[in-house]
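Presented below is the structure to which this report refers.
Values quoted throughout were computed directly from the atomic coordinates according to the rules given, and no laboratory measurement underlies them. Here the structure is a predicted model, which means the values were calculated and not measured. With ideal geometry, Cβ positions are generated from the backbone for all residues, glycine too; neighbour counts draw on all protein chains shown.
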Amino acid sequence: MKLKVHKLDGTTSGTVDFPDEIFASPVNENLLWEAVEAFRANIRQGTAKTKTRGEVEGSSAKMFRQKHLGRARMGSRRSPARVHGGVAHGPQPRSYRKQLSTATRRRALLEAIKQKLQTGKVVVMEDIKLSEPKTRLVAQALKPVREKSNASLLLVLPEHSSEFLRAARNLRAVEIITQIDLNAYSIWRPDKLVLFKSACRPLVARWK
């Protein structure tokens with residue numbers, strides 16, 4: 001499939017080829033979702049914790065004798081049944097990490113790109129060359145490809161550019177990443193994938 005290259009003035013010029021033998025096959029939704037779930041799990045801190053009855057403050061002595069008081073039997077003040085007592089079966093620190101093989105992550109990245117391509121949510125733009133790192137300049141350049149003001153975009157740069165990051169980091173619902181750092185979750189999450197023209201060739205070359 002061929003995608004038109006959008007110019008900064010809103011017109012199009014030329015095309016970029018995404019080979020059908022690589023990007024036109026059906027998307028493996030199960031594999032893609034497995035990678036997304038693994039990424040979500042790996043960014044969880046897993047630090048939630050409650051105190052058990054052995055950790056809360058208070059005496060462990062029996063509060064009053066068992067019989068002949070006309071009231072319910074009661075043991076420690078730290079019982080989970082009492083206010084300020086410990087928590088039974090509460091969360092404890094743990095790791096949610098899921099490990100995926102390199103081959104699985106690489107295949108999941110391809111599936112994420114295929115899904116965006118086949119649903120028409122990929123835009124190719126000519127490279128933006130900023131005269132100065134101004135947010136206004138980047139916002140104007142993205143206006144033709146951003147149909148809705150609240151649509152989230154992922155801008156894929158050919159390589160790291162501190163000047164471009166400074167100019168675009170205050171834009172609402174816009175994330176920036178280099179083509180070498182792409183992963184399945186970063187592509188799956190936003191509404192649109194915006195590829196700069198010079199980032200397309202090394203990205204396609206990964207699967208040739």
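Shape of the range 1-109 from the C-alpha gyration tensor: prolate (a/c of 1.5 or more and a/b above b/c, with a ≥ b ≥ c the square roots of its eigenvalues). Checking the a/c ratio against 1.5 first, then a/b against b/c, what shape does the Cα gyration tensor give for the range 125-181? Cα axes put the range 125-181 in the oblate bin. Sorting Trp33, Trp188 by the number of Cβ atoms found within 10 Å of their own Cβ, with the fewest placed first, yields Trp33, Trp188.
Mean-square fluctuations from a GNM of the chain, with a 10 angstrom spring cutoff on Cα atoms, peak among Ala24, Ala103, Ala61 at Ala61.
The Rg/Rh ratio of the range 46-95, with Rg taken over Cα atoms and Rh as the Kirkwood radius over Cα pairs, comes to 1.13. Report the calculated FRET efficiency for Thr102 and Thr12 (r = Cβ-Cβ distance, R0 = 41 Å), to the nearest 0.05. FRET efficiency, Thr102 to Thr12: 0.65. Relative intensity of the chain on a log10 scale, I(q)/I(0) at q = 0.18 Å⁻¹, equals -1.25, per a Debye sum over C-alpha point scatterers of equal strength in the absence of solvent.
Normalised by the number of residues in the range 74-208, what is the relative contact order in percent for Cα pairs under 8 Å and 6+ residues apart? So the answer I get is 29 percent.
Simple rule: put +1 on each Lys or Arg Cβ and -1 on each Asp or Glu Cβ in the chain, find the dipole, and look at Gln140, Ala103, Cys200; the Cα lying farthest toward the positive end is Ala103.
The modelled label-to-label distance between Gln118 and Lys49, using points 7 Å beyond Cα along the C-beta direction, is 4.6 nm. Using the Cβ-Cβ distance between Asn30 and Glu57 with R0 = 45 Å, the FRET efficiency computed as 1/(1 + (r/R0)^6) comes to roughly 0.35.
If a paramagnetic tag sat 7 Å from the Cα of Arg82 along the Cα-Cβ line, which residues of the range 35-74 would have the backbone N under 19 Å from that point? Residues 51-74 qualify, since their backbone N sits under 19 Å from the label point.
Along the chain, the longest continuous region that contains none of the GluC sites (Glu not before Pro) in a DSSP loop with at most 15 other C-beta atoms within 10 Å is 58-146.
If you take the square roots of the eigenvalues of the alpha-carbon gyration tensor of the range 1-59 and sort them as a ≥ b ≥ c, do you get rounded (a/c under 1.5), prolate (a/b over b/c) or oblate? It is oblate, given that a/c is not under 1.5 and a/b is not larger than b/c. Of the residues Leu195, Leu154, Leu171, which exhibits the maximal mean-square fluctuation in a Gaussian network model of the chain defined by a 10 Å Cα contact cut-off? Greatest mean-square fluctuation among the candidates belongs to Leu171. Averaging Cα coordinates gives a centre for the range 136-204 and one for the range 1-63; these two points are 17 Å apart. The ranking of Ile176, Ile43, Ile187, Ile22 from fewest to most other beta carbons within 10 Å of each one's beta carbon is Ile43, Ile22, Ile176, Ile187.
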